[in-house]
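Beneath this line is the structure, given in structure tokens, with notes to follow.
The values are calculated or read from the model by the stated rules, or taken from the named source; none is laboratory data. Remember, predicted model here, so these are calculated numbers, not experimental data. Neighbour counts are summed over all protein chains in view; Cβ atoms, including those assigned to glycine, are modelled from backbone coordinates with ideal geometry. When the accessible area is computed, the model is the full protein with side chains, heavy atoms only, and any ligands, DNA or RNA have been set aside. Shrake-Rupley method; radii C 1.70, N 1.55, O 1.52, S 1.80 Å.
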Amino acid sequence: MDIDSGSPNTPDNNVVSVSNITDTPVSQINALCDEIEKAANYIAQSRQNDQTVLSESREDLLHNATNMFVRLRLLNRRLHEDKASLSQAVSDMKQKADDLALKLENKRREISYVQKEIESTEKLETIYQNIEIIPLQQFMDTAPDEYKQNLDNQHELMLNRLRYEIRQRE
């Protein structure tokens, strides 16, 4: 069985070439059938003409016919084995595609869940939004340097403002 392999990220990866599998045995079977037909026609013509076939040529004819039928059965078996392996390869690829589709659907659901969680978190009202603390400018002017660290991080800035406010109220 011939398997064409493209790059790993293309849809053509592991595409089985059906024509390569079936062309050779089919053409051999056709040629063999033609030979058997010629032999059968020879026998039929000799019977119609009431010609007696010599025992040597009869044995040769029988031997050749037997060989042709044996080859025909071998080709038939090979064709069925190729068909079975092709069916298995297709089944494996379908299973792989189903698995990937399931993983994709799971990832989409996970993304949707995370987006909903983000939205609900953004809509969440917390208590610190209603706390009255000193304005940012006043904090920057009056707070000691120990509270003015990590001013880039909004969360740390809010924590430092709250700590400063607690210290002021004590």
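What about L159, is it without any contact (Cβ under 8 Å) to a residue 40 or more places away in the chain and among the aliphatic types (A, V, I, L, M)?
On the way: without any contact (Cβ under 8 Å) to a residue 40 or more places away in the chain: yes; among the aliphatic types (A, V, I, L, M): yes.
It is true that L159 is without any contact (Cβ under 8 Å) to a residue 40 or more places away in the chain and among the aliphatic types (A, V, I, L, M).
To keep it simple, each residue is scored yes or no on (1) farther than 16 Å from M158 by Cα; (2) of a type outside the set (S, T, N, Q).
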residue: D99; (1), (2): yes, yes
residue: L104; (1), (2): yes, yes
residue: E117; (1), (2): yes, yes
residue: S120; (1), (2): yes, no
residue: E125; (1), (2): no, yes
residue: E132; (1), (2): no, yes
residue: P135; (1), (2): no, yes
residue: F139; (1), (2): no, yes
residue: T142; (1), (2): no, no
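So the check is Cβ under 6 Å with 6+ separation or different chains; which pairs have a first residue in the range 138-155 that's surrounded by 10 or more Cβ atoms within 10 Å (Cβ to Cβ) and a second one that's not hydroxyl-bearing (S, T, Y)?
Between residues of the range 138-155 that are surrounded by 10 or more Cβ atoms within 10 Å (Cβ to Cβ) and residues that are not hydroxyl-bearing (S, T, Y), the close pairs are F139/R161; Y147/N160; N150/E156; L151/L157.
Pairs needed: first member in the range 30-48, part of a helix (DSSP H, G or I); second member anywhere, open to solvent by 50 Å² or more (accessible area, probe 1.4 Å); C-beta distance under 7 Å; at least 6 residues apart or different chains.
L32/R71; A39/N64
Name every residue in the range 23-44 that is at pLDDT below 75 and open to solvent by less than 50 Å² (accessible area, probe 1.4 Å), in order of residue number.
P25
Looking at the range 59-116, which of its residues are under 30 Å from N30 (Cβ atoms) and polar (S, T, N, Q)? Spell out the reasoning first.
Here is the first cut: in the range 59-116, the residues under 30 Å from N30 (Cβ atoms) are 59-91, 93.
Scanning the range 59-116 gives N64, T66, N67, N76, S85, S87, Q88, S91.
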